[in-house]
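Asker: Structure in structure tokens, see below.
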Amino acid sequence: MADTRTQPRETKPAAAAAGSPGLARFLRWDLAVTIILIAAFGYGSADNASFATTGNLSFALNDIAEVAIIALPMTLLVVCGEVDLSVASMLGLSSALAGSLWDAGYTFEMIVPLVLLVGLAGGLVNGLLVTKVGLPSLAVTIGTMTLYRGLASVVLGTKAVAEFPQEYADLTQRTVLGFIPFPIALFGILAIITAVVLHATGLGRAMFAIGSQQEAAFFAGIRVKRIKLALFALTGVVASFAGIVFTLRYGSARADNGMGFEMTVIAAVLLGGVDFDGGRGTLGGVVSGLLLIALLRNLLTLNDVANEVQSIVTGVLLVVSVLTPRAVQAIGQRRRRSEPESGAPPGAASAAA
């Protein structure tokens, strides 16, 4: 029995000699995105003299601030095998509610917690429908995406509300270290916290277990429904907070604020290497995906490319981010099947003879 247990360990050096682990590292999608990001930055610097200036980079980062903030809880959800397509509508609802309350004479200090509570309620609606009723999150959040956007129109109508407190508006325009916008600096702090939770805690390991095999995670004692419900609630709150940031940054509350952001958020998460089926991904890859989208959008803007074309690019990135990792995974599986003999333990052939 001792000899048979040691045999699988001998296959790893053989596989390493064949070079397959190195190939796997090379084919890691999040690493590939980082390489593409560096290449895009180099191309942009060579293509346009103003691209690499601190002012332009600050603009490019600020342009994706709300998407980046929402992408953090979305990453956790997708790792668990779920998705929330209502985040942009919740952003719009939060913006509309903030504008309506400000127009009614509420102080901004009262508005912020009320808006966050609405985000919490919206996230709980999504979570309860998924975890308690058993509906698929894709279908649920497509419905609530329309619901929350409709509520935003009911709350504020077609008008826009402006003239928010200057001290709060100025905060969203400040920079850290001379060129990092304050919302992005806030995103950086939240990203570090999210990375620690996802990659260095038992809760993060539970999320990966849920995404990999939900039933096995349940029988292992992981509270699957409670974790998913909490993540949906968190996503709602963060989307509402992003709505407040968006409203202050642009100085205008409208019911259609953030229209289409959900696709950019999903594109960034999947482009960063998080598997749409759950169970795989890194937050570092998501950050690279966000930066890549920000740079590409900025490059297109500098070259006077229309917004419609930029939407097409986002759609292409979304499709590529779904197909490419699966293609790489299929190639890896075929490679492993085609090399059964290279990993066979010594003496296997003679034993078979």
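The values are calculated or read from the model by the stated rules, or taken from the named source; none is laboratory data. Nothing here was measured: the structure is a model prediction, and the numbers come from that model. Here the Cβ positions follow ideal geometry from the backbone for every residue, glycine too, while neighbour counts run over all protein chains shown. Accessible surface areas use protein heavy atoms only, side chains included; no ligands, DNA or RNA. Shrake-Rupley method; radii C 1.70, N 1.55, O 1.52, S 1.80 Å.
Asker: For the range 32-85: of the residues being in contact (Cβ under 8 Å) with a residue 12 or more places away in the chain and out of contact with any helix residue (DSSP H, G or I) (no Cβ under 9 Å at 6 or more places or on another chain), which is surrounded by the fewest Cβ atoms within 10 Å (Cβ to Cβ)?
Answerer: Taking the candidates together, the pick is G55.
Asker: Still on this structure, please answer the following. Search the range 119-133 for residues that are farther than 17 Å from G243 by Cβ and pair each with any residue that is of a type in the set (S, T, N, Q) when their beta-carbon atoms are under 7 Å apart and the residues are at least 6 apart or on different chains.
Answerer: From the range 119-133, the pairs are V130/S137.
Asker: Go through the range 99-113 and give me each residue that's surrounded by 15 or more Cβ atoms within 10 Å (Cβ to Cβ) and in contact with a Leu (Cβ under 8 Å, 6 or more places away or on another chain).
Answerer: Step one: list which residues in the range 99-113 are surrounded by 15 or more Cβ atoms within 10 Å (Cβ to Cβ), which gives 99-102, 108, 111-112.
Within the range 99-113, G99, S100, L101, I111 qualify.
Asker: Could you look through the range 244-278, keep only residues that are part of a helix (DSSP H, G or I) and among the aromatic types (F, W, Y), and pick out the one that is surrounded by the fewest Cβ atoms within 10 Å (Cβ to Cβ)?
Answerer: Looking at residues that are part of a helix (DSSP H, G or I) and among the aromatic types (F, W, Y), I get Y250.
Asker: Something else now. I'd like to verify a number: residues in the range 279-295 that are at pLDDT below 90 and open to solvent by 40 Å² or more (accessible area, probe 1.4 Å), how many?
Answerer: The total comes to 1.
Asker: Are there any pairs with C-beta distances below 6 angstrom linking a residue in the range 288-302 that is over 18 Å from F187 (Cβ atoms) to a residue that is open to solvent by 10 Å² or more (accessible area, probe 1.4 Å), with the two at least 6 apart or on different chains, and if so which?
Answerer: Listed pairs, sorted by first residue: L300/Q310; L302/N48.
Asker: Would you confirm, using the coordinates I've provided, whether A220 is at pLDDT below 95, under 30 Å from S100 (Cα atoms), more than 15 Å from the chain's Cα centre (by Cα) and not charged (D, E, K, R)?
Answerer: Numbers: at pLDDT below 95: yes; under 30 Å from S100 (Cα atoms): no; more than 15 Å from the chain's Cα centre (by Cα): yes; not charged (D, E, K, R): yes.
Against the criterion (at pLDDT below 95, under 30 Å from S100 (Cα atoms), more than 15 Å from the chain's Cα centre (by Cα) and not charged (D, E, K, R)), A220 does not qualify.
Asker: Looking only at the range 311-321, how many residues end up being surrounded by fewer than 16 Cβ atoms within 10 Å (Cβ to Cβ) and either closer than 18 Å to I64 by Cβ or touching a residue at least 12 places away in the same chain (Cβ under 8 Å) (or both)? Show your work before the answer.
Answerer: Here is the first cut: in the range 311-321, the ones surrounded by fewer than 16 Cβ atoms within 10 Å (Cβ to Cβ) are 311-312, 315-316, 319-320.
After this cut, where a residue has to be either closer than 18 Å to I64 by Cβ or touching a residue at least 12 places away in the same chain (Cβ under 8 Å) (or both) as well, the list is 311-312, 315-316, 320.
Final tally of qualifying residues: 5.
Asker: Can you name the condition, by its number, that T144 falls short on among (1) within 23 Å of I111 (Cβ to Cβ); (2) open to solvent by 70 Å² or more (accessible area, probe 1.4 Å)?
Answerer: (2)
Asker: Anything in the range 149-163 that is of a type outside the set (G, A, S), in contact with a helix residue (DSSP H, G or I) (Cβ under 8 Å, 6 or more places away or on another chain) and open to solvent by 20 Å² or more (accessible area, probe 1.4 Å)? List them, or say none. Let's see the steps before the verdict.
Answerer: Keep residues of the range 149-163 that are of a type outside the set (G, A, S), which gives 149, 151, 154-156, 158-159, 161, 163.
This time we only want the ones that are in contact with a helix residue (DSSP H, G or I) (Cβ under 8 Å, 6 or more places away or on another chain), so: 149, 151, 155-156, 161.
Answer for the range 149-163, where residues must be of a type outside the set (G, A, S), in contact with a helix residue (DSSP H, G or I) (Cβ under 8 Å, 6 or more places away or on another chain) and open to solvent by 20 Å² or more (accessible area, probe 1.4 Å): R149, L151, V155.
Asker: Could you please let me know if F232 is modelled with pLDDT of 95 or more, under 17 Å from the mean Cα position of the chain (by Cα) and either farther than 23 Å from I192 by Cα or not aliphatic (A, V, I, L, M) (or both)? Lay out the reasoning, then the answer.
Answerer: Numbers: modelled with pLDDT of 95 or more: yes; under 17 Å from the mean Cα position of the chain (by Cα): yes; either farther than 23 Å from I192 by Cα or not aliphatic (A, V, I, L, M) (or both): yes.
Spelling it out, F232 is indeed modelled with pLDDT of 95 or more, under 17 Å from the mean Cα position of the chain (by Cα) and either farther than 23 Å from I192 by Cα or not aliphatic (A, V, I, L, M) (or both).
Asker: Given (1) assigned to a loop (DSSP other than H, G, I, E, B); (2) at pLDDT 75 or above, identify the lone condition not met by P346.
Answerer: Every condition holds for P346 apart from (2).
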